[in-house]
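FYI, it's all coordinate maths here, none of it is from the lab. These numbers come from a predicted model, not from an experiment. All Cβ positions, even for glycine, are placed from backbone atoms using ideal geometry, and neighbour counts span all protein chains on display.
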Amino acid sequence: MSDTIFDKIINREIPADIVYEDDIALAFKDINPQAPVHLLIIPKRQIATVNDISKDDREIVGHLYWVAGEIARKEGFAEEGFRTVMNCNEFGGQTVYHIHVHLLAGKPLGWPPY
Ligand code: 5GP
């Protein structure tokens, strides 16, 4: 599996505005924000798409969502609400092939997203 731009962020080869890190996950600001708050929460382990999440990865993926809630509580927008999105492949709009949870917040978000 080839490295993506997110591996370079994990390895500190390119800069990112990192807001959370632990052994399993990293969260940083999206370079092209679509809401007042737009963070990406990624696993340190490289998993290309939702289709590639194995049974052994379930704890990692659950952890990404725990991190989302933890950031929302700490940053004070948990109660007003937010959106988490994981895009998959072409029709899902995925452009970086290292799974990531988009965490969007800070304004009412439209639905459906098209
Ligand atoms: P996707 O389209 O795969 O769901 O989301 C990829 C996201 O990564 C996009 O929202 C895009 O703006 C963001 N992104 C792409 N390259 C970089 C980068 O080098 N740094 C940061 N912080 N975000 C990036």
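Within the shell of other residues whose beta carbon sits under 15 angstrom from the beta carbon of LEU39, the net charge comes to -1, with Lys and Arg scored +1 and Asp and Glu -1.
How much net charge surrounds ILE9 when only the other residues with a Cβ under 13 Å from the Cβ of ILE9 are counted, with Lys and Arg +1 and Asp and Glu -1? Could the numbers behind the result be given before it?
Numbers: positive: LYS8, ARG12, LYS29, LYS44; negative: ASP3, ASP7, GLU13, ASP17, GLU21, ASP30.
Spelling it out: positives minus negatives among the neighbours equals -2.
In the stretch 5-105, what percentage of the DSSP-assigned beta bridges are antiparallel, given to the nearest 5? So the antiparallel bridges in the stretch 5-105 amount to around 100 percent. Extents of the stretch 5-105, largest first, come to 33, 30, 29 Å (Cα atoms, principal axes, whole angstrom).
For ASP57, ASP23, the sequence from fewest to most other C-beta atoms within 10 Å is ASP23, ASP57. For the chain, the residue among GLY110, ILE99, ALA27 whose Cα projects farthest onto the positive side of the dipole built from Cβ charges is GLY110. Between helix 58-75 and the chain, what is the angle of the helix's C-alpha long axis to the longest principal axis, kept within 0 to 90° and rounded to the nearest 10? The answer is roughly 30 degrees.
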